[in-house]
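One structure below.
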Amino acid sequence: MAFFGDRLEDDIREYASRLSRRMRNRGRVELLPLANCLDDLATEQSEDGIKSVEAALVTAEAVKGIPAEACRLRCQFYLAVFGDPQAAAAVASETASMAMRDFNESRGPRMLWRALAWSLLSGSLFSMRYVDVFDVPQHSLFRMLMNNEAEFESAILHARLADEPTNKKAAEKASKDDDIEDLFEDEAETKPAPNAAVVVIPSIGNATTSEGKRVSLEFQKFVQRGLPLPAASDLSIPRTQLVSEFPWVASVADDILNRLVGGRHVYVRPTILVGPPGCGKTRFARRLIEELRIPYELVPCGGLSDSAIGGTPRRWSSGEPSLAIMAVRRHECAGPAIILDEIEKVGTGRQNGNVHDVLIGLLEKETSSRWFDPYVEANCDLSHISWMMTANEVGSVPAVMRDRCRILRFPEPGPDQLPFLASRILERLYVEAGHDLRWAMPLEGFELAALASNWPGGSVRKLERLVEKLVEARERHWGRQ
C-alpha cells in the first residue's frame, strides 16, 4: 500500500506514535525503552531513530503479545527506503518468501516481480550507498523500484504469453475467477502489434439506398481506415498523481494500474467502482482515464432507460450510431474510454430495449469485436473500448453483467484525510472564483477543528459544502476589517 499521507516521514510518524501509545497502555516497565524510542522517532524521522527502535525491540519482544516481528520488518522497510542496501536485501528476501507461498497456493506470480525488483534495487544501493529520502514517492529510489517492478512484470507476462500451449492448459485447469489467468488470456488473444491501427468500421451496410448514401457520406473518413489506440506510457506517473489526489484509494489505483503493466496499448477491462454516494468515485474514474491519456466520454446513467446506447436504426428520424461508435468518431481513436456514472440508476423496463442488455454484448470481447451497429448496418470492432462504471450499489445490476466486470470497492475517506481534502477543496474554490491561488490562505487549526467536528469522514460532497461555508465566513470576516 502507499505510505500514510503518501509521504515516508508521515507514515513513520503515524506508526511510531500509534505503537508508542499501545506500549504505554500495557503498563509494563519492560516496554518503556521501546515507547521512548518510538516517541523520539515520531518527533524526528531518521535512520538512527529506526535503528534505536530495532535495538529496543530485543527487550520488548519478551513480553507476550508484542508485534515484534511485524515492527522489525517495518523498520527494515523504512531503512530500505532510506537507501540502506542491507535492509533492501532483507525486504527482497521476505518478498521472495511471500512469492513462494503464492506459487504454492496457486495465487499467481504477482509477488515474484516485486521480489526481483527489490533484489535488483538492493544490488543498486550497494553501489550507490546513499539515496535522498524525502519527497516520496517522487524521489529517485521509489521511482527506481517501480520501474524495476514494471520491467520484471512485463518480462514475466511476455514469457508466459510466449508459451501458448502451456498457457492454454493452465487456463483450462484454473478457476474461472482467477484474475491472473484471465489477464494472460485476454492479452494473448487481443493485444495488437506495436503501433498497430484498428479498422473499427470496415464498411457501410446497404450503401446504395438513400439512407445508406447519407450514412456513407457521414462516415466516409472512417470506413476501412485504421485508427490509433491509446499508447502505453510510464505507469508510475499516473500512479503518483492519482495517489496524491486520492490517497485513501491507493490500493484501488494499484489494482487497476498493475493490470496495465507490459501492455503495448492502454486498455482498461470493464470495471465497476462501488462505493457510498459522495466518496469520489466519478472524479477518480475521470482522473484515472485522463492520467492514462485516453480520450473519453462521461455519461450520467440516471436518464437512460432504453437500448439507444447501442444505436438506433437509420430508417427512423431519431436514428443514430451507438454510443461507442460516436466516441470513436468524435476522438478518431479505436480505443476511447466510456465512463458510465451511477450504472445502477438506468431504467429496467424492456418496452424499448434495456441498457443492461446492450452493455452485456459490448463488454464481451467475442461480441464487441463484431458488434452490429444498427445505424451503420455493419459489424464494427469495438473490442478496444475501455468501460469504466460507478455505482452506489450493485444489487440492482443484473448478475450476467456483474459477471463480465471487475467490481472494486471504493472506500470513503476517513477523518485522517480531512487536512488534505479540505486544503484541496479550498484551493479549488478560490480558483473557480477566479482568484489567484495565493489568496487561498492555509486552513488554521481552529478552522480544521471546526470542520472535524462536523465531518467525521465519508462524503466529500458534504465536506465541500462545509468548506464553502467556511470560505463565506472568512469573506465576511475580512469584509469587516
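The values are calculated or read from the model by the stated rules, or taken from the named source; none is laboratory data. Source: prediction; values computed, not measured. In this analysis, Cβ positions are derived from the backbone assuming ideal geometry, glycine residues included, and neighbour counts consider all displayed protein chains. Please note that ligands, DNA and RNA were not included when accessible areas were found on the heavy atoms of the full protein model with its side chains. Shrake-Rupley method; radii C 1.70, N 1.55, O 1.52, S 1.80 Å.
Give the residues of region 33-56 whose amide nitrogen is closer than 19 Å to a point set 7 Å from the Cα of Arg26 in the direction of its Cβ. Correct set: 33-42, 50-56. Let's test the formula: R0 of 25 Å, r as the Cβ-Cβ distance of Lys51 and Phe4. What FRET efficiency results, to the nearest 0.05? Approximately 0.75, to the nearest 0.05.
Packing-wise, with mean Cβ within 10 Å as the measure, how do 38-50, 242-254 rank, highest first? Before the final figure, lay out the partial values.
Details: 38-50: 17.6, 242-254: 20.2.
The densest-packed peptide leads the list: 242-254, 38-50.
Placing a label point 7 Å from the Cα of Asn36 along the Cα-to-Cβ direction, the residues of region 51-75 whose backbone N falls under 19 Å from that point are 51-63. With the simple model of a label 7 Å out from the Cα in the direction of the Cβ, Ala231 to Arg18 spans 4.2 nm.
How high is the relative contact order of region 4-63? Use alpha-carbon pairs under 8 Å, at least six apart in sequence, and give a whole percent. Kindly include the intermediate steps, with their values, before the conclusion.
On the way: 54 pairs, mean separation 19.6, N = 60.
Relative contact order for region 4-63 comes out at 33 percent.
State log₁₀ I(q)/I(0) for region 357-481 at q = 0.10, 0.12, 0.22 Å⁻¹ as given by the Debye formula over alpha-carbon point scatterers of equal weight, solvent excluded. Those come out to -0.57, -0.68, -1.23, one per q.
Along its first, second and third principal axes, ordered by size, region 240-369 spans 49, 34, 24 Å in Cα coordinates.
At 1.4 Å probe radius, can you tell me the per residue accessible area of region 4-54 in Å²?
Values: 2690 Å² over 51 residues.
With the other protein chains kept in place, region 4-54 gives 53 Å² per residue.
Would you mind checking Lys281/Lys365; Lys221/Lys345; Lys345/Lys469; Lys281/Lys469; Lys281/Lys345 for any pair whose Cα atoms are more than 27 angstrom apart? As for pairs spanning more than 27 Å Cα to Cα, those are Lys221/Lys345; Lys345/Lys469. At a 1.4 Å probe radius, carbon and sulfur cover how many percent of the accessible area of region 202-346? Taking all protein chains in place, region 202-346 shows 50 percent carbon and sulfur surface. For Ala450 and Arg428, what is the calculated FRET efficiency with R₀ set at 25 Å and r taken between the beta-carbons, to the nearest 0.05? Using R0 = 25 Å, I get an efficiency of 0.80. Straightening the chain between Glu44 and Asn258 buys 73.7 nm, computed as 0.36 nm per residue apart minus the Cα-Cα spacing. Across region 338-411, C-alpha contacts under 8 Å between residues 6 or more apart give a mean separation that, scaled by the residue count, equals a relative contact order of 39 percent.
Provide the FRET efficiency to the nearest 0.05 for the Glu475-Thr208 pair, computing r from the beta carbons and using R0 = 60 Å.
It comes out at approximately 0.35.
For the pair Ser97 and Arg409, label points projected 7 Å from Cα toward Cβ lie 2.8 nm apart.
Let me check I have the definition right: for region 353-431, take the eigenvalues of the Cα gyration tensor, multiply each by 5, take square roots. What are those semi-axes in whole Å, largest first? List each step's numbers first, then the result.
Values: eigenvalues 279, 60, 24 Å².
One finds semi-axes of 37, 17, 11 Å for region 353-431.
In region 198-248, the alpha-carbon atoms span a convex hull of 126 Å³ per residue. Fully extending the segment from Leu298 to Lys64 would add 78.8 nm, taking 0.36 nm per residue of separation and subtracting the current Cα-Cα distance. Considering only Ala56, Asn36, Asn25, the residue lying farthest towards the positive end of the dipole of region 15-88 is Asn25, judged by Cα position with unit charges set on Cβ.
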